[in-house]
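Enquirer: Let me begin by handing over the structure; questions about it come next.
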Amino acid sequence: MPIELISLITGNVSGFVFKLIASQAEATQRLAEANMKSQQAADDSADRAAARGGEGGAWVRRFIVIMVLTGVIIFPFLMGLIGGSVTIEGDAPSGLLATLGLVSKEMITVSNSYLMTSEIRSSVLAIVGFYFGSSVLSSKK
């Protein structure tokens, strides 16, 4: 094989390799610029959203906290004072109808009480964890 042919092939291969490397670097640079534009747009959108409704969300959260604490503290106290009753669904007592499968549940009336559901309890736990947990974190700073 003549030296000119080897030099021509080597030059073509090296030119291809360097052109490939340059195009990959250019693609990486375009991708980085697109990512920066996308991040800038997301930051601008978040800033506009925070400026638009920042305080409204706080009032909604406060209202939810007040309603949950009313259900946990005030309503049980009032129900004990005024003698209200609550009707709940429970398992039917054993008997002929329950044995035959005709009745599986019954309604039970509990007087002088307030029904404390598991949702109210879990809401109180979330509120306590959110407010007292964040105060513990802020006191460490």
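Enquirer: Residue by residue through region 1-58, note down the ones that are under 30 Å from I127 (Cα atoms) and loosely packed, with under 10 Cβ neighbours inside 10 Å.
Expert: Scanning region 1-58 gives A51, R52, G54, E55, G56.
Enquirer: For G11, work out the one condition from (1) among the small types (G, A, S); (2) farther than 30 Å from L115 by Cα; (3) under 21 Å from the mean Cα position of the chain (by Cα) it doesn't fulfil.
Expert: Answer for G11: the failing condition is (3).
Enquirer: How about region 95-105: which of its residues are modelled with pLDDT of 70 or more and among the polar types (S, T, N, Q)?
Expert: Passing the criteria: only S104.
Enquirer: Let me ask you something else. Would you check if there is a residue in region 80-92 being of a type in the set (G, A, S), exposed (fewer than 10 other Cβ atoms within 10 Å of the Cβ), modelled with pLDDT of 70 or more and not in a strand (DSSP E or B)?
Expert: Step one: of region 80-92, the residues of a type in the set (G, A, S) are 80, 83-85, 90, 92.
If we keep only those that are exposed (fewer than 10 other Cβ atoms within 10 Å of the Cβ) too, we end up with 83.
Still in the list and also modelled with pLDDT of 70 or more: 83.
Now narrow it down to the ones that are not in a strand (DSSP E or B): 83.
Among the residues of region 80-92, at least one is of a type in the set (G, A, S), exposed (fewer than 10 other Cβ atoms within 10 Å of the Cβ), modelled with pLDDT of 70 or more and not in a strand (DSSP E or B), which makes the answer yes.
Enquirer: Can you pull out the residues in region 37-69 that are among the β-branched types (V, I, T) and modelled with pLDDT of 85 or more?
Expert: Step one: filter region 37-69 for residues among the β-branched types (V, I, T), giving 60, 64-66, 68.
Scanning region 37-69 gives a single hit, I66.
Enquirer: Right, here's the next one. Suppose the filter is touching a Gly at 6+ places or on another chain (Cβ under 9 Å) and on the phi < 0 side of the Ramachandran plot; does L78 pass it? So that I can check it myself, show each step before the final result.
Expert: Working: touching a Gly at 6+ places or on another chain (Cβ under 9 Å): yes; on the phi < 0 side of the Ramachandran plot: yes.
Yes: the conditions hold for L78.
Enquirer: Given the conditions (1) farther than 30 Å from Y131 by Cβ; (2) modelled with pLDDT of 80 or more; (3) surrounded by 10 or more Cβ atoms within 10 Å (Cβ to Cβ), report the number of the one that I108 does not fulfil.
Expert: Among (1) farther than 30 Å from Y131 by Cβ; (2) modelled with pLDDT of 80 or more; (3) surrounded by 10 or more Cβ atoms within 10 Å (Cβ to Cβ), the lone unmet condition for I108 is (2).
The values are calculated or read from the model by the stated rules, or taken from the named source; none is laboratory data. Predicted model, so just to flag it, every value in this text is computed and none were measured. No Cβ is skipped: glycine too gets one built from the backbone with ideal geometry, and neighbour counts run over all protein chains shown.
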